[in-house]
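First up is the structure itself, then whatever we jot down about it.
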Amino acid sequence: MKALLGKDRQWIAMFGTGGIAAMVSVLCCYPFVREFVVARGEREALFHLAWSCGMGLGVTAASFDEMLGMREFLMQRALAAGDLLRARMVGCALVLASWFLLVPVVAYAAFFFIDPAWQFGHWQQIPTMWGTMVPAVSACALGLAAGSLPFAIPVRLLALGASFALSFSVVFWLERSAPAEATAWPWFVAGHFAIAALALGLAWFGRGVRYDADQPLAPQARRTAVLPLLALAMLVASFVLAALESTAVDWLRNAWPRVVRDGERVVLATRPEWDEPWVVVDAEHRPTGERLDKGNSIGRAGYGVFVDSFLRVEAPRTAMASSQGSHGMGTVYVDADGSAYWQPFREPLRRLAKSDRERDFAAGTVVGNLPRGPDRIGVLALAEPDGNAVFLFDPATAGFERVPLPDGDRFTRLRYYHRDDRDARAPAAGEVVLQSGENLVCGEQADYVLRGTTLHRVAREVERDTQSGPRIRTNTYDADLLSFTIDFTVGEGGAPFQHRFVPRTFAERTYAALALALAAMRPPVLQAVSGCIDDPQHEGAHNTNRHWLLDPMVAEGRRWWLVAVGIALAAALATAERRRLRRLGADPGTQRFWLGAILLLGPVGVLGSRLCERTRAYARPAIAVPVPPRLASVDSAAESIA
């Protein structure tokens, strides 16, 4: 083990020091108080740097010997494949441990020299820092497993990218499914460690498989490497085909005419450009020649599959980020737990107390700048959620002045008064008219503005009904990706308008045919499952991430003929691929393996067979064996002379 670690000391030292330097540099881009004292909403830079460094570490550990040309040399040594993989895992573990241990310590020490607000003893944000760095472990394991695959380098890179995107997305949606608005840290950490364990387990089971472009894959390689890759390829292909299918359906929706209201009547119309007049069409979506100079679109056709947001690689976020407000003399920070800090410019950080009797504010306290008058000279104010007062901060004494809300009102939020806001009524007695650009203290009963050290009631805007004309009632039923029925009723006694949207024109039929063709190329096993489930969009869930895996085109038993077409396509591809393997000289076990894979996965199985069963591996070039010369002797020489 020591000898193997000594062989790998170059990449261990490089990633150990380089990763620490990079992560410390990212942390030092923000003030000390934002990194170690108060909670940040999220650590995007640290998260993305951690997983990218971890992935580079795993890939380098797996392919370092191959890049230096020492792979064949190690194969000739009396060295077990498990010992080599174990040494790589230990090297990666040493680097990861150095990151988790030294990055916070080095960053804490660096702030001593670069930030005057540095104070000893603020360690409360280190757990969230460690949690943000956990994806480095899973990314390292994925890189190590992908780099150890017995395939060519392009296939390894494809497997690494697909496994990274899918696994990180699964963790994202698992932890976001928790009821809390913040990252569910147990789900997040456990998910990434589960990814690491699964990836390392696959690498360990396939440790004895070697890659040789001139030899067919061994049966062990198909079990330990090909099967997981086929499952991964099925998921990736499902997402890609679902995204393309969603695009085709969206093209169809854009090609359909819109329902347009022209006064008291409702018609179908299209508009080539947004600034051009509406062109009225008939029930078959053919232009009638009538143009509408003015028209209000009241209907958009159909619904999409909404799969473009499934792949999500995002940083974790805290439950409640800190609030801060800047003043001419410094910045006030309020942590999520209510602890407040005052950082004067180029001076040490100070802890603030709410009053002589209370130290901390309530959790969720916000900070804002409230102008004392129209001259916009403001003061920092702190307001507790559901509190009955605001607290004005005095930088000279580092204390607070309590200003109660009138009539026992309760605080809800701080709001900036925009210039385009309108007062729907004249101010009543005792109310103050706002000027544009002032901040409001919003209560449950009224809105208030600060004048001096007193809060005054202001005229609250009345929400206006922006809809002009009579009320419109809409009903959509028999909804499907390629067809649906919609009806409108304008006014109380207006005549209803009904239309069945189906592909009618050449362009609409082309887009529908493209969507159906893409659906037929999905893995048959998933299509069969899709035909047996309910479509959640019929229940009102118009944005579901299940459609990237299961096709709504055939959900609820619709279009079983499309599932049959996909199965027939898979059967034809399987027959053709079996003939190719037979011509190459593959054994019957290999032929049966890929026959089943293609029948279940369709075109994905064909792609896997072409990448794994290359012609070169089955080539048997004829080697000409030279005829050895006859041995000459004295007797044979005399006979030849005679």
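The values are calculated or read from the model by the stated rules, or taken from the named source; none is laboratory data. From a predicted model like this one, the values you see are computed outputs, not experimental measurements. Note that we place each Cβ from the backbone using ideal geometry, even for glycine, and neighbour counts take in every protein chain shown. Surface accessibility is based on the protein's heavy atoms, side chains included, excluding ligands, DNA and RNA. Shrake-Rupley method; radii C 1.70, N 1.55, O 1.52, S 1.80 Å.
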**OP:** Output the number of the condition that GLU175 fails; it satisfies all remaining conditions of (1) out of contact with any Gly (no Cβ under 7 Å at 6 or more places or on another chain); (2) charged (D, E, K, R); (3) touching a residue at least 12 places away in the same chain (Cβ under 8 Å); (4) over 21 Å from ALA617 (Cα atoms).
**Re:** (1)
Original post:
Does VAL103 satisfy the condition of being modelled with pLDDT of 90 or more, over 29 Å from the mean Cα position of the chain (by Cα) and closer than 20 Å to SER138 by Cα?
Top reply: no
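Among the residues of segment 471-481, is there at least one that is modelled with pLDDT of 80 or more, within 29 Å of LEU235 (Cα to Cα) and in contact with an Asp or Glu (Cβ under 9 Å, 6 or more places away or on another chain)?
Yes - at least one qualifying residue is present in segment 471-481.
What do you reckon, is ASP375 in a loop (DSSP other than H, G, I, E, B), at pLDDT below 85, within 30 Å of VAL189 (Cα to Cα) and out of contact with any Lys or Arg (no Cβ under 6 Å at 6 or more places or on another chain)?
no
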Original post:
Any residue in segment 449-464 that is out of contact with any strand residue (DSSP E or B) (no Cβ under 7 Å at 6 or more places or on another chain), open to solvent by 60 Å² or more (accessible area, probe 1.4 Å) and at pLDDT 90 or above?
Top reply: no
Original post:
Can you tell me which residue in segment 285-298 is surrounded by the fewest Cβ atoms within 10 Å (Cβ to Cβ), limited to those that are at pLDDT 80 or above and of a type in the set (Lys, Arg)?
Top reply: ARG286
**OP:** State all residues of segment 542-557 that are open to solvent by less than 60 Å² (accessible area, probe 1.4 Å) and either within 14 Å of ASP480 (Cα to Cα) or at pLDDT 85 or above (or both); if no residue qualifies, say none.
**Re:** HIS547, ASP551, PRO552, MET553, VAL554, ALA555, GLY557
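From the list VAL279, VAL313, VAL267, exactly one residue is within 30 Å of ALA139 (Cα to Cα), among the β-branched types (Val, Ile, Thr) and modelled with pLDDT of 80 or more. Which is it? So that I can check it myself, show each step before the final result.
Details: VAL279 fails: within 30 Å of ALA139 (Cα to Cα); VAL267 fails: within 30 Å of ALA139 (Cα to Cα).
Result of the check over VAL279, VAL313, VAL267: VAL313.
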**OP:** Only residues that are buried (at least 17 other Cβ atoms within 10 Å of the Cβ), assigned to a loop (DSSP other than H, G, I, E, B) and at pLDDT 80 or above: list them for segment 435-448, please.
**Re:** ALA446
**OP:** Check ASP282 against each of (1) open to solvent by 20 Å² or more (accessible area, probe 1.4 Å); (2) in contact (Cβ under 8 Å) with a residue 24 or more places away in the chain and name the one condition it does not meet.
**Re:** (2)
**OP:** Check GLY201 against each of (1) open to solvent by less than 30 Å² (accessible area, probe 1.4 Å); (2) under 25 Å from ARG614 (Cα atoms); (3) free of Cβ contacts under 8 Å to residues at least 12 places away in the same chain and name the one condition it does not meet.
**Re:** (2)
Original post:
Take the residues of segment 182-215 that are under 18 Å from the mean Cα position of the chain (by Cα) and in a loop (DSSP other than H, G, I, E, B): which is nearest to VAL313 (Cα to Cα)?
Top reply: THR183
